[in-house]
1. Is it the case that residue 254 is modelled with pLDDT under 90, closer than 30 Å to residue 365 by Cβ and surrounded by fewer than 17 Cβ atoms within 10 Å (Cβ to Cβ)?
2. Of the residues 215, 286, which single one is under 30 Å from residue 182 (Cα atoms), within 16 Å of the ligand (Cβ to nearest atom) and outside any strand (DSSP E or B)?
3. Out of everything in segment 488-500 that is surrounded by fewer than 20 Cβ atoms within 10 Å (Cβ to Cβ) and touching a residue at least 12 places away in the same chain (Cβ under 8 Å), what residue ends up being nearest to residue 449 (Cα to Cα)?
4. As an exercise: evaluate residue 457 against (1) within 16 Å of the ligand (Cβ to nearest atom); (2) surrounded by 23 or more Cβ atoms within 10 Å (Cβ to Cβ) and give the number of the one condition it does not meet.
5. Could you list, in sequence order, the residues of segment 298-313 that are assigned to a loop (DSSP other than H, G, I, E, B) and surrounded by 15 or more Cβ atoms within 10 Å (Cβ to Cβ)?
6. State all residues of segment 492-520 that are in a helix (DSSP H, G or I) and touching a helix residue (DSSP H, G or I) at 6+ places or on another chain (Cβ under 8 Å); if no residue qualifies, say none.
7. Return the residue satisfying two criteria in turn: it lies in segment 229-247 and is in contact with a helix residue (DSSP H, G or I) (Cβ under 7 Å, 6 or more places away or on another chain) and outside any strand (DSSP E or B), and of such residues it is nearest to the ligand (Cβ to nearest atom).
Ligand code: NG1
């Protein structure tokens, strides 16, 4: 899937989507025309995603199981003449966000500096700003495609419109970065031969500009998805994606995934040093210490991941490529070995399962300066204790649940008996419940509202329910029989205090069923001479 070209459509009819989505596309072109007095030449579209299972394990290089959702980001854009004022004007269709203007500048080359960026854009990483993600998308396009000596990029007018709630774990940030990257590529005529895999790589690197050291799940799901299937995305040894049909569509009655927003906004970029980035560091250091304990060879300067430690441990080979057949058994066995990361009994007795920075450095076997260089020089983190043992237990057990979830989907046959279909849904739901418990108890990425909402979902008839995305707020995803969705929504509304005053459209905004949608694409309007009507 990653080798396929990013789709470029020249007519809305080629877009295999629902009417509602098509309508929205027309609206954004009209709004662009009203604002800028001419037609857009392209619309770049990137969907959000819901992660069905596999949380916080993409940056440990274990496979995850997301699906694109129908909600998306659309960016309509058109070039201005090269002799016009340089840079980008980007407006937001939501009137609460003011228009932004920015102009990247060519960097002054420093003698002897390696891997220096050719372009600079000022991105504010201290607050959550939608335009930072637009800029992040532009960054990679400039630095990959407009190197020294090449012509300057075209000035651009843009209008962005989105239906993915921000800070909700549905990857609105990745969708903006992907749509922005695609839009800038298109308008500068750089889309030729662009594969989905390459676009994912660029978008992942771009998102790091906003200060989050993310794994690649969101960008891969936003780019590679196709309707009706979830994706099993693996990152090791390289990014690859397998489309997996969900048995939920084949059961009688069918089941759907229902997203419910806790309405707790989690600002991943701003809280990165005590949450997301801290987890990235804890899992990386945990992997080094586990490797030491298991006698697995790693390079002194190597930031090895849990996935690599597992692979080398199973195969006894320093450069193994990890055969999947052995993965499940390997994960079960390594979960026993993880006990060796448990802090000494006296600290455990005092309720402290974490280690201090000093203890962590000692355990790593590296001198302090090398430790800092390897694990802390590229990221800011803040904690009194680092919970390596619990993080490792979450990562390996979650990786195992993803494989079990995938196996259940692959094994369920279109002609399954109703009783076995029901068993499959129950088994999928149980894995989702265990995943939530692990996120909450071991990875500490839940919050009271998410715990409450998932418990309420289970009590309201869901087969299973869990937080989705980074957590600490944002959305839950629940597996619910399609015939029970309305009743389920009503029960959530009655039971979750933040929903009590919501009815009609307002309630549909925060609790909604979703089916896997298509991935990112570009609609090229200039071919037809006019924007689509
Ligand atoms: P959200 O915050 O839901 O977009 C983040 C990361 C993912 C993954 C999940 C946790 C980014 C862009 N995304 O997702 O890569 O690590 O958390 O599973 O940072």
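The values are calculated or read from the model by the stated rules, or taken from the named source; none is laboratory data. None of the values given here were measured: they were computed from a predicted structure. Here the Cβ is made from the backbone with ideal geometry for all residues, glycine too, and neighbour counts use every protein chain on show.
1. Details: modelled with pLDDT under 90: yes; closer than 30 Å to residue 365 by Cβ: no; surrounded by fewer than 17 Cβ atoms within 10 Å (Cβ to Cβ): yes.
For residue 254, the condition - modelled with pLDDT under 90, closer than 30 Å to residue 365 by Cβ and surrounded by fewer than 17 Cβ atoms within 10 Å (Cβ to Cβ) - is not met.
2. Values: 286 fails: under 30 Å from residue 182 (Cα atoms).
Only one candidate passes the filter, namely 215.
3. Filtering segment 488-500 for residues surrounded by fewer than 20 Cβ atoms within 10 Å (Cβ to Cβ) gives 490-491, 493-495, 497-498, 500.
So of that shortlist, the ones also touching a residue at least 12 places away in the same chain (Cβ under 8 Å) come out as 491, 493, 495, 498.
Values: 491: 16, 493: 14, 495: 12, 498: 10 Å.
Checking each candidate, the answer is 498.
4. Answer for residue 457: the failing condition is (1).
5. Our first condition is that a residue be assigned to a loop (DSSP other than H, G, I, E, B); within segment 298-313, this holds for 298-305.
Hits for segment 298-313 are 298, 303, 304, 305.
6. At the first step, the residues of segment 492-520 found to be in a helix (DSSP H, G or I) are 492-495, 497-499, 504-510.
Listed by number, the residues that qualify are 492, 493, 495, 498, 499, 507, 510.
7. Ranking the candidates gives 235 first.
Condition check ((1) at pLDDT below 95; (2) within 24 Å of residue 336 (Cβ to Cβ); (3) touching a strand residue (DSSP E or B) at 6+ places or on another chain (Cβ under 9 Å)) across all residues:
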| position | (1), (2), (3) |
| --- | --- |
| 354 | yes, yes, yes |
| 361 | no, no, no |
| 368 | no, no, no |
| 372 | no, no, no |
| 382 | yes, no, no |
